[in-house]
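Read the structure below first, then the notes.
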């Protein structure tokens, strides 16, 4: 980095310093270990109660070092949730709370209820039913009455006013005893605290707000993490991934924020709680068995239901205060494949008295390389990329260091939702469980990504797709690999609403298409050869003629139209199947069962009429999938699909004969296939080569840190400290501060040695500055696209990987992989490519600002909301 660049960055840091969080001196020392922080709690009986949960055992997979992520809540010994009646009995309810669990003046925890994020009225799962029964009234709310008649009468143990209608919510900023609050406790609906009067969103008429509308200023259906209906399977077990939220996503809970405890001591991270309320099948006031008749059980916050609560402590990583404010901020940016690791390493690096403060912003591989080689004063001095960065004589010399080994995956959140018919016991027992095993072939993935199922195109795709299957659950190839779906719920709506994928260019996206195109059946199908009655969406055909895309196109630009009173209303492809904002966001949306999509039903009851966003999918009926990375999938507790080769039988059936998941062994096997690139000492994993190697996961990716060797000495020293940490403690798997998060595979010893050597080279060797470009006529340097790589060169066949080679100072030859620049834009006369280039330009322009982001957001990616919320 030039002195001019460095001074500019330093100036920015001085401005930001006044806004930075408290220094880490207030943070208690802790021993780092990779031991489990799982906690198991058991249910029980309550004197005077009618339920018996003594056989119920609930385990929370992680309770310490938490960020915005998922924890797995699993249980045994539950009573199976019946599937032949409306949902009203025998399920679990899970919520996150922040309050004082042991307050002496709150022995029954009734004030503690007010600190729980629950009551947004998430939809009740609609069960196919035969028994004439009713669903549990108000089970998804904070309301104190079961029905409109005011039943039941006030419980004698209830501490709220007799005419209170709901348990109010108290934000963390309004503690008990506060005389005034910027964000006050909600009213309880009593005469003394009535609900506000609002304009009805549809009619405009004035009316009293509903309880969930009263809560909407604090949390609502779109942001809440509450889990009101966790279903127990036929074998008495259950499993959900629960999204814990720190204050970045749930500011009114304040989890992870610094706070002052009851003794007046400053603490770095507010603790919170996971509360599980088991629901049985007895009337809470009379004890009547309601298994097959009625279900007037009410909110989990009514006294007779709340008394069975099971509470698990949650310890969050501090949201602020990782790094002292007097340290220079070292900027890094790059592929999201490194995001989880970079966020985990940062607090460990700056925890000591002299450790560096390393920030990170996600940008695409090509954009990161462009920034690194630019002369911008705001450019990062180190980037993360899965593409080698080739340099010319006029670029600053760079050094490559391996940092992470991970994979691109297809994550899933699918509840086994079978037909309501007699099934073999081994199949029937899977009802309501989370689907763990899903098999996909390259051609099936190609069908999903090219919007070739009729359901993925507005209006069904017209005549071009007239013979195609409506969704993947009807595809014979899919059914052959996943026979459980032959017994799946037949309703058209119980299926996948598109495979979610992120926008923008990346090496990871290119790797997926390389894997697809390496399969003969998939390549032929993309070229126009039908798969039985299934053909590729013709809007995508031009994209696979000459280039390997490095993005996930939405090439179908068709729209569904409806006319009302002479006005035409459109729903187009990118509203029906929208992009996610990145790998992390896609994983979070998968966990929530929220595709962000709009439905094709026009709501004419609002002015003006509009297509409504689809709600979250209901527990028990979720069917969401997304392209993400293995670390993001692990962060949100998601299962991932196995990638398979398949063999067709003479009768047209398909059999999977080679399936591979993103396991440690399979990713390590793929790393062993890495070949040297044309940047000396830098190896890359070719998806086609890995696909042909036994047991190797084809979408494995090796990510490098690439550093500018002309940065000032103190900056290079800090980046070298990062690399040495990465090569040592940073490869120790675990969930603690500074450890390698789940979803990554530790680097082999030879690659770690290369990272150590790169650190030494970066810190001690000062190369000559790059030569000035030769002047053209008139003394003006010849024009060149900033950061544009040279044409790709394929390495010689059979070349051995240079796993132990000394890190390169950066060669002048290009990568063996295709450029991460927009592939379609390189095809002259291709209108789809031109459109895509414009879209990527807009996307990239937005990401350029992300280089400044780390300076303003000093608290690390792991604590940032995955869905972009502030």
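Summary table below
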| item | result |
| --- | --- |
| Unique match (being buried (at least 23 other Cβ atoms within 10 Å of the Cβ) and either modelled with pLDDT of 90 or more or over 23 Å from the mean Cα position of the chain (by Cα) (or both)) among 225, 220, 246 | 246 |
| Given (1) in a loop (DSSP other than H, G, I, E, B); (2) surrounded by 14 or more Cβ atoms within 10 Å (Cβ to Cβ), index of the condition residue 241 fails | (1) |
| Hey, residue 420 in contact with a helix residue (DSSP H, G or I) (Cβ under 9 Å, 6 or more places away or on another chain), surrounded by fewer than 24 Cβ atoms within 10 Å (Cβ to Cβ) and under 30 Å from residue 599 (Cβ atoms) or not | no |
| Any hit, the stretch 641-659, residues being under 30 Å from residue 233 (Cα atoms), in contact (Cβ under 8 Å) with a residue 12 or more places away in the chain, in contact with a helix residue (DSSP H, G or I) (Cβ under 7 Å, 6 or more places away or on another chain) and not in a strand (DSSP E or B) | no |
| Count of residues meeting criterion [in contact with a strand residue (DSSP E or B) (Cβ under 7 Å, 6 or more places away or on another chain) and buried (at least 19 other Cβ atoms within 10 Å of the Cβ)] in the stretch 735-758 | 10 |
| Count of residues meeting criterion [in contact with a helix residue (DSSP H, G or I) (Cβ under 7 Å, 6 or more places away or on another chain), without any contact (Cβ under 8 Å) to a residue 40 or more places away in the chain and more than 25 Å from residue 408 (Cβ to Cβ)] in the stretch 723-733 | 1 |
| Check on residue 422, assigned by TED's automatic domain parsing to the domain that holds residue 556 and at pLDDT below 95 | yes |
| Residue among 133, 139, 120 that is within 18 Å of residue 290 (Cα to Cα), modelled with pLDDT of 90 or more, assigned by TED's automatic domain parsing to the domain that holds residue 230 and not in a strand (DSSP E or B) | 139 |
| Neighbours by Cβ (under 7 Å, 6+ apart or cross-chain): first from the stretch 231-254, without any contact (Cβ under 8 Å) to a residue 60 or more places away in the chain and on the phi > 0 side of the Ramachandran plot; second in a loop (DSSP other than H, G, I, E, B) and surrounded by fewer than 21 Cβ atoms within 10 Å (Cβ to Cβ) | none |
| Residue 695, sole failed condition from (1) under 30 Å from the mean Cα position of the chain (by Cα); (2) in a loop (DSSP other than H, G, I, E, B); (3) at negative phi | (3) |
| Test: residue 595 is under 27 Å from residue 446 (Cβ atoms), in contact with a helix residue (DSSP H, G or I) (Cβ under 7 Å, 6 or more places away or on another chain) and crowded, with 24+ Cβ neighbours inside 10 Å | yes |
| Failed condition for residue 681, given (1) touching a helix residue (DSSP H, G or I) at 6+ places or on another chain (Cβ under 8 Å); (2) modelled with pLDDT under 95; (3) assigned by TED's automatic domain parsing to the domain that holds residue 757; (4) at negative phi | (4) |
| Residue identified as more than 23 Å from the chain's Cα centre (by Cα), surrounded by 20 or more Cβ atoms within 10 Å (Cβ to Cβ) and not assigned by TED's automatic domain parsing to the domain that holds residue 458 among 671, 646 | 671 |
| Counted residues, the stretch 33-77 - those being surrounded by 15 or more Cβ atoms within 10 Å (Cβ to Cβ) and either over 26 Å from residue 286 (Cβ atoms) or not assigned by TED's automatic domain parsing to the domain that holds residue 233 (or both) | 24 |
| Members of the stretch 285-338 that are at pLDDT 95 or above, at positive phi and either assigned by TED's automatic domain parsing to the domain that holds residue 73 or surrounded by fewer than 24 Cβ atoms within 10 Å (Cβ to Cβ) (or both) | none |
| Selection within the stretch 456-494 - in a helix (DSSP H, G or I), surrounded by 19 or more Cβ atoms within 10 Å (Cβ to Cβ) and in contact with a helix residue (DSSP H, G or I) (Cβ under 9 Å, 6 or more places away or on another chain) | 456, 458, 461, 465, 472, 473, 477, 478, 481, 485 |
| Boolean, residue 434 is at pLDDT below 95, within 30 Å of residue 733 (Cα to Cα) and in contact with a strand residue (DSSP E or B) (Cβ under 9 Å, 6 or more places away or on another chain) | yes |
| Set 787, 736: member being part of a loop (DSSP other than H, G, I, E, B), at pLDDT below 95 and touching a helix residue (DSSP H, G or I) at 6+ places or on another chain (Cβ under 7 Å) | 787 |
| Residue that is farthest from residue 628 (Cα to Cα) [pool: residues in the stretch 708-733 that are surrounded by fewer than 18 Cβ atoms within 10 Å (Cβ to Cβ) and in contact with a strand residue (DSSP E or B) (Cβ under 7 Å, 6 or more places away or on another chain)] | 732 |
| Members of the stretch 342-368 found to be within 28 Å of residue 507 (Cα to Cα) and not in a helix (DSSP H, G or I), listed by number | 357, 358, 359, 360, 361, 362, 363, 364 |
| For residue 495: the one exception among (1) under 30 Å from residue 427 (Cβ atoms); (2) at pLDDT 95 or above; (3) within 26 Å of the chain's Cα centre (by Cα) | (2) |
| Test: residue in the stretch 176-189 that is touching a helix residue (DSSP H, G or I) at 6+ places or on another chain (Cβ under 9 Å), at pLDDT 95 or above and surrounded by 21 or more Cβ atoms within 10 Å (Cβ to Cβ) | yes |
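Conditions tested, residue by residue: (1) under 24 Å from residue 300 (Cβ atoms); (2) in the same structural domain as residue 588 (by TED's automatic domain parsing); (3) in contact with a helix residue (DSSP H, G or I) (Cβ under 7 Å, 6 or more places away or on another chain).
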position	(1), (2), (3)
158	yes, no, yes
164	yes, no, no
172	yes, no, no
192	no, no, no
198	no, no, yes
214	yes, no, no
219	yes, no, no
222	yes, no, no
225	yes, no, no
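This table checks each residue for (1) surrounded by 21 or more Cβ atoms within 10 Å (Cβ to Cβ); (2) touching a strand residue (DSSP E or B) at 6+ places or on another chain (Cβ under 9 Å); (3) at pLDDT 95 or above; (4) not in a loop (DSSP other than H, G, I, E, B).
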site: 536; (1), (2), (3), (4): yes, no, yes, no
site: 552; (1), (2), (3), (4): yes, yes, yes, no
site: 601; (1), (2), (3), (4): no, yes, no, yes
site: 606; (1), (2), (3), (4): no, yes, no, no
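The values are calculated or read from the model by the stated rules, or taken from the named source; none is laboratory data. Here the structure is a predicted model, which is why all the values come from computation and not from measurement. A quick note on method: Cβ atoms are made from the backbone with ideal geometry, for glycine too, and the neighbour counts reach across all protein chains shown.
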